[in-house]
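Working notes for the structure below.
The values are calculated or read from the model by the stated rules, or taken from the named source; none is laboratory data. Here the structure is a predicted model, which is why all the values come from computation and not from measurement. Note that each Cβ is placed from the backbone with ideal geometry, even for glycine, and that neighbours are counted across all protein chains shown.
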Amino acid sequence: MMASISKVLYTGVTGDLETRMYQHKNKLVEGFTKKYNIHKLVWYEDTDDVAAAIGYDKKIKGWLRKKKVALIEEKNPSWDDLAKDWFK
């Protein structure tokens, strides 16, 4: 899950998280993340099961914001950017 400084949330699925984060951080992706300046990776989960990942993404997208925030804060209470050092 990604967030902006003001904690606007974005949820998505990718087969290459590092490349996708680079694209979002450098505003190379048109759409919601670019429009709302969403560039912090605040939660993610790895899996090799593509179908399960897509299903979980759809499930999370259906959750209320409160439940998404709880998921983030369970492992990342300070909303740190988990990808902040990936591109230095």
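Cβ separations smaller than 8 Å between residues 6+ apart or across chains give the following pairs from region 37-62 residues that are surrounded by 15 or more Cβ atoms within 10 Å (Cβ to Cβ) to residues that are of a type in the set (D, E, K, R) and in a helix (DSSP H, G or I): H39/K25; W43/K75; I60/K68.
Can you name the residue in region 5-26 that is hydroxyl-bearing (S, T, Y) and in a loop (DSSP other than H, G, I, E, B) and, of all such residues, is surrounded by the most Cβ atoms within 10 Å (Cβ to Cβ)? It comes out as T11. All conditions in (1) modelled with pLDDT of 95 or more; (2) among the aliphatic types (A, V, I, L, M); (3) assigned to a loop (DSSP other than H, G, I, E, B); (4) surrounded by fewer than 16 Cβ atoms within 10 Å (Cβ to Cβ) hold for V29, with the sole exception of (1). Residues in region 32-51 that are closer than 24 Å to L64 by Cβ and either in a loop (DSSP other than H, G, I, E, B) or touching a His at 6+ places or on another chain (Cβ under 6 Å) (or both): T33, Y36, N37, I38, H39, V42, W43, Y44, E45, T47.
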